[in-house]
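Read the figures in this text as sums done on the coordinates, not as results from a lab. From a predicted model like this one, the values you see are computed outputs, not experimental measurements. Quick reminder, even Gly has a Cβ in these numbers, built from the backbone with ideal geometry, and neighbours come from all protein chains shown.
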Amino acid sequence: MTLTPDANALLFAPPQKAMAPRLAAWALNVLFPPHCVACHKAVEPPSNTVLCRACAERIHWIGDDRCCRCGDRVGAGSGVVKDCPSCRTHPPAFVERSCALGKFGEGPLRDLVLTLKFGRKLHIAKPLARLLAARIRSTGLQADTQNLVLVPVPLTSEHALRAGWNHAEEIANCVAMELKAHVESRLLRKIRSTPPQATLKRMARRSNLKGAFACETRLAERHKGATVILIDDVITTGTTISECARTLSAANFPTIRAAALARA
């Protein structure tokens, strides 16, 4: 699938900067050209990005044929549907609408997400967040609200300390800059350590996160009535997003949506 116009523009158009920083960035790229995360070939300046065009063309972007509930791709020509086979099997609980950039699978998008998540390559977060912000706008996730809060899916304090950061929070911060929205990373807390979802079978994933999240009462009161968009890297079965949304719903947040870089 070829790049969508939004993805094409945002991935390969350099961000607008003042002249001096722009010249400095150009000089730095000439001396030390950035490399494509997927194929590791040098990316020619001035397109200071994380993927070469050939690898970006290999991503299975999710376009207009999508499920608005879980964010997954549906058959060509289906348009926007209200549910899909994924929803019928594992419906996302307490989540009104969702969106994602593309299919995780094997390939460049997977390389980007895993490098960001485990390689701590913070420069990858910015172009992906620009794309995700554009996706949130185009799918209407931020529509119909004057009070929007972005909430990254949390890690336990132990896990965050060991990892040194929360990649979902970094993505949320970058998305917020694009959307001019507020990030509340302390609203939702993970209070129980759990095995990584990716290591578990589908049925075990559904019980693994039961009671793993809690909402900060004081902050919930401060943001009472806000529309929440949960931010994560990948939506697989939707269990993590659903449990986060369940906790927020119990704290009386009326509208909960979700956005992720990829959909498995």
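For the stretch 66-263, with only Lys/Arg (+1) and Asp/Glu (-1) charged at the beta-carbon, what is the dipole magnitude about the Cα centre, in debye rounded to 20?
320 debye
Packing-wise, with mean Cβ within 10 Å as the measure, how do 224-232, 105-113 rank, highest first?
The peptides rank, most packed first, as 224-232, 105-113.
For each pair in 121/210; 41/201; 103/201, compute the distance between the two Cα atoms and list the pairs where it is over 29 Å.
With Cα atoms farther than 29 Å apart: 121/210; 41/201.
Suppose R0 equals 30 Å; then what is the FRET efficiency for residue 89 and residue 64 from their Cβ-Cβ distance, rounded to the nearest 0.05?
Step by step, r from the Cβ atoms, then E = 0.85.
Please sort 256-264, 76-84, 94-102 by packing, taking for each peptide the average over its residues of neighbouring beta carbons within 10 angstrom, highest first.
256-264, 94-102, 76-84
Amide H neighbours of residue 142 under 5 Å, at least 5 residues apart or on other chains, H built in the peptide plane: list them.
none
Using a simple spin-label model with points 7 Å from Cα along the Cα→Cβ vector, what separation in nm is obtained for residue 192 and residue 44?
Calculated label separation equals 5.5 nm.
To check my understanding: the extent here is largest minus smallest coordinate of the Cα atoms along each principal axis. What are those three numbers for the stretch 202-264, in Å, largest first?
35, 24, 15
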